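The values are calculated or read from the model by the stated rules, or taken from the named source; none is laboratory data. This one's a predicted model, so the numbers in the text were calculated from it and none came from an experiment. Note that each Cβ is placed from the backbone with ideal geometry, even for glycine, and that neighbours are counted across all protein chains shown. In case anyone asks, the SASA skips ligands and DNA or RNA and just uses the protein heavy atoms, side chains included. Shrake-Rupley method; radii C 1.70, N 1.55, O 1.52, S 1.80 Å.
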Amino acid sequence: MQLVLIAIIIVALLALYFLLKGRPKPAPWQGHPAGGSYTPAPDGEPVRHWSDGGRFELEVVGESRYRDTIQALAGDHGEGKADARHPALLLPDDANPYEDKAVAVFLSGRMVGYLAPKDALAFRQMLARHEIDGKPTSTDAAVRGGGTWEGKRLAYSVWLDVSLTG
């Protein structure tokens, strides 16, 4: 009985091996589209400007795709940490193929990332409360970080001056 069980396990493992080995490999990721943006910057003026009194507590995610842009926006800050201020545009991105409630973030007209999914949902609910669903709005942003430690430049982050309870 044990011999039969071992034979079945071996056959199952071999079948699994050949199934996985025979699959075509996916094409390597080609990076972000030309221009560094998944969402084109919108035309027109924002319908509302948000402010949380300069607290900058809402973080932008996905910045790694836009690190060159963010580093340029941080400006020259030597070995210390950056704290560069920029106007930010928040745009509900209904065409995003990965997140149906995405909110894209642009600084000085350049894409820098998205709101985290739970923050994007709360932001869209706030837009609905103010009857401006799907419209671009603005706030102030801070590019922070980028100091040096042990001879290496640390990562940058983008923070927005908007409260999701507004």
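Side notes on the structure shown:
- In the range 54-84, residue modelled with the highest pLDDT [restricted to those that are open to solvent by 70 Å² or more (accessible area, probe 1.4 Å) and not charged (D, E, K, R)]: Gln71
- Residue pairs whose Cβ atoms lie under 8 Å apart, sitting 6 or more positions apart in sequence or on different chains, and linking a residue in the range 127-149 that is touching a residue at least 12 places away in the same chain (Cβ under 8 Å) to a partner that is part of a loop (DSSP other than H, G, I, E, B) and of a type in the set (Val, Ile, Thr), are Ile132/Val47; Lys135/Val47; Pro136/Val47; Thr137/Val47; Thr139/Val162.
- When Ala122, Ala104 are screened for being touching a residue at least 12 places away in the same chain (Cβ under 8 Å) and either farther than 23 Å from Ala84 by Cβ or part of a loop (DSSP other than H, G, I, E, B) (or both), only Ala122 passes.
- Whichever residue in the range 85-133 is open to solvent by less than 10 Å² (accessible area, probe 1.4 Å) and β-branched (Val, Ile, Thr) and, among such residues, is farthest from Gln71 (Cα to Cα): Val103
- Cross-chain or 6+ apart pairs with Cβ under 7 Å, the range 70-88 first and closer than 25 Å to Gly44 by Cβ and among the aliphatic types (A, V, I, L, M), then in a loop (DSSP other than H, G, I, E, B) and open to solvent by 80 Å² or more (accessible area, probe 1.4 Å): none
- Count of residues meeting criterion [within 14 Å of Val105 (Cα to Cα) and in a loop (DSSP other than H, G, I, E, B)] in the range 57-80: 1
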